[in-house]
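Q: Quick one: the structure is below, questions incoming.
The values are calculated or read from the model by the stated rules, or taken from the named source; none is laboratory data. Model, not experiment: these values are computed from the prediction. Counting neighbours? That spans all protein chains shown, and the Cβs are built from the backbone with ideal geometry, glycine included. Accessible surface areas use protein heavy atoms only, side chains included; no ligands, DNA or RNA. Shrake-Rupley method; radii C 1.70, N 1.55, O 1.52, S 1.80 Å.
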Amino acid sequence: MTATELPELAGASVVREIADRVYAYTHSRGGWCVSNAGVLAGPDGAVVIDTLATEGRTRGLVEFVDGLDIGPARTIVNTHHHGDHNFGNHHFGPTAIVIGHDRIRPEMIETGLALTKLWPQVEWGDVRVTLPSITFSDKLTLHIGERRVELIHLGGVAHTTNDVVAWLPGEKVLFAGDLVMSGAAPFCLMGSVSGSITAVQRLAALGAETVVSGHGPATGPEIFDQTLRYLRWVQHVAAEGRALGLTPLTIALQTDPGEFAELVDQERLVGNLHRANADWAGGPPGEPLDVLSIFDEMIVYNDGQVPTCLA
């Protein structure tokens, strides 16, 4: 593997070749909106797995892709609807093909640029909602020269309603989107804690040796056990809180994070507890919750400070 620091334009971005002509475009700190991408180089062009949150970061990604010795074709796979994974789609030009799950288009339309309102101090630049023109329900296979890439929706609701992973069976490389996060707390507010557990168990069964998560450094399959321990801990904490009649915010404030204390974005526990309670109540998986009011509770948990966003 080789790793090189990218230009300052992309901040702390690092590109690493994790298999022949397969690149993980990651960041040293994977917190709010500091997301990852993947680049698969082929004779005709590149498949790019996710674009980035800001114009500046995405332009760094475009510069890297354009610097490869490949053809002009560009295919973008969006792993889900959150803007930090697709706000930069349009920077790859009008001929780029964008692919996502069937549910991603309505979610992107409804959400719009809301993420920029949470952190107005971020230099977002020219960010837009650019919808996929190709969608699928369960599985779609891409062929990049001789390389096979399986785009998989694992069924149900997990991080969101429309999560997609890119699995390279020949190389045992998995681009997992936000179903797992390396060094950061998982976040299920727009999805399902129980559904995330099911999805991560299915990911583990694929047999990946290298995992590029939606945030944080590339890792190995140990990320699955780490994520499952966190999600089951959330369920346990939520059950204790319900038994005591406590609100998610109150129980979060009283809970020792234990082995998860080193994860960035600890305030996500509040949102995850709200979602665990919604799962327990038996409503539709992924049913909308009051994201803005829950975000305000996360600020309270964070000693009155807006969660740090280094996008």
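Q: For P(r) over Cα pairs in 10 Å bins from 0, in percent, which listed value, (i) 6, 23, 24, 18, 13, 10, 5, 1, 0; (ii) 6, 26, 34, 23, 7, 3, 1, 0, 0; (iii) 6, 29, 37, 21, 6, 1, 0, comes from the coordinates shown?
A: (iii)
Q: A further question on this structure: Compute the signed sum of charges (Lys and Arg +1, Asp and Glu -1) over the other residues within less than 11 Å, Cβ to Cβ, of A238. Could you put the intermediate results ahead of the total?
A: On the way: positive: R232, R242, R275; negative: E240, D279.
Once positives and negatives cancel, what remains is +1.
Q: For region 127-172 and region 238-295, what is the centre-to-centre distance using only Cα atoms, to the nearest Å?
A: 29
Q: Taking all protein chains as present, what is the carbon and sulfur share of the accessible area of the chain, in % to the nearest whole number, probe 1.4 Å? Each step should come with its number before you reach the end.
A: Values: 6660 of 12740 Å².
C and S atoms contribute 52 percent here.
Q: Right, next: For the chain, what does the accessible surface come to per residue with a 1.4 Å probe? Please give it in Å².
A: Values: 12740 Å² over 311 residues.
Spelled out: the 1.4 Å probe surface of the chain, per residue, equals 41 Å².
Q: How far is helix 222-244 tilted, in degrees, relative to the longest principal axis of the Cα atoms in the chain, given as a value from 0 to 90 rounded to the nearest 10?
A: The helix 222-244 is inclined about 20 degrees to the chain.
Q: Once you've got the GNM for the chain with C-alpha springs shorter than 10 Å, pick whichever of G45, G282, G271 has the biggest mean-square fluctuation.
A: Of the options given, G282 has the highest mean-square fluctuation.
Q: What list of ³J(HN,Hα) values in whole Hz, one per residue of region 39-51 in order, does the Karplus curve 6.51 cos²θ - 1.76 cosθ + 1.60 (θ = phi - 60°) give from phi, with Gly and Pro shown as x?
A: After applying 6.51 cos²θ - 1.76 cosθ + 1.60, I find 10, 10, 8, x, x, 8, x, 10, 9, 10, 9, 6, 9 Hz.
Q: OK, next. If R29, R57, R128 are ordered by their accessible area, calculated over protein heavy atoms with a 1.4 Å probe, which sequence runs from highest to lowest? Display every interim value, and only then the final one.
A: On the way: R29 80, R57 25, R128 120 Å².
Most to least solvent-accessible, the answer reads R128, R29, R57.
Q: Which net charge results when you count Lys and Arg as +1 and Asp and Glu as -1 among the other residues whose beta-carbon is under 10 Å from that of I70? The partial results should precede the final answer.
A: Numbers: positive: R21, R74; negative: D44, D66, D69.
Counting the neighbours of I70, the net charge comes to -1.
Q: Of the peptides 153-159, 18-24, how do they stack up when ordered by the mean number of other Cβ atoms within 10 Å, highest first?
A: Numbers: 153-159: 22.4, 18-24: 19.4.
Order by mean packing, descending: 153-159, 18-24.
Q: Put +1 on the Cβ of each Lys and Arg and -1 on the Cβ of each Asp and Glu in the chain; which of H159, G271, I144 then has its Cα farthest toward the positive end of the dipole?
A: I144
Q: GNM on the chain, C-alpha springs below 10 Å: top fluctuator among D296, D265, D50?
A: D296
Q: Quick one: angle between helix 291-301 and the longest Cα principal axis of the chain, in degrees between 0 and 90, rounded to 10, please.
A: Helix 291-301 and the main axis of the chain meet at about 70 degrees.
Q: If one takes the longest principal axis of the Cα atoms in the chain, at what angle in degrees, from 0 to 90 and to the nearest 10, does the Cα axis of helix 55-66 lie?
A: 40
Q: Taking amide H positions as placed in the peptide plane 1.01 Å from N, state which residues far from N86 in sequence (5 or more) or on other chains have amide H under 5 Å from it.
A: T51
Q: Sorting check: for 72-79, 247-254, 287-294, which peptide has the highest mean count of neighbouring beta carbons within 10 Å, and how do the rest follow? Kindly include the intermediate steps, with their values, before the conclusion.
A: Details: 72-79: 21.8, 247-254: 18.1, 287-294: 12.5.
Highest to lowest by the protection proxy: 72-79, 247-254, 287-294.
Q: Let me ask you something else. When the helix-only estimate is applied to the chain (DSSP H runs of n ≥ 4, each -39,500 (n - 2.57), divided by the residue count), what is the mean residue ellipticity at 222 nm, nearest 500 deg cm²/dmol? Let's see the in-between values first.
A: Numbers: 8 runs with 91 residues, N = 311.
That comes out to -9000 deg cm²/dmol.
Q: Tell me the net charge near H101. Cut-off is 11 Å between Cβ atoms, H101 excluded, with +1 for each Lys or Arg and -1 for each Asp or Glu.
A: Once all neighbours under 11 Å are counted, the net charge is -1.
Q: Per residue of region 260-277, what does 6.51 cos²θ - 1.76 cosθ + 1.60 with θ = phi - 60° give for ³J(HN,Hα)? Whole Hz please, x for Gly and Pro, Karplus curve as stated.
A: Using θ = phi - 60°, the values come out as 9, 5, 7, 6, 6, 6, 4, 5, 4, 3, 4, x, 5, 5, 4, 5, 4, 5 Hz.
Q: Using the Karplus curve 6.51 cos²θ - 1.76 cosθ + 1.60 with θ = phi - 60°, work out ³J(HN,Hα) for each residue of region 148-155 in order, rounded to whole Hz, and write x for Gly and Pro.
A: Residue by residue, region 148-155 yields 9, 10, 9, 8, 10, 9, 7, x Hz.
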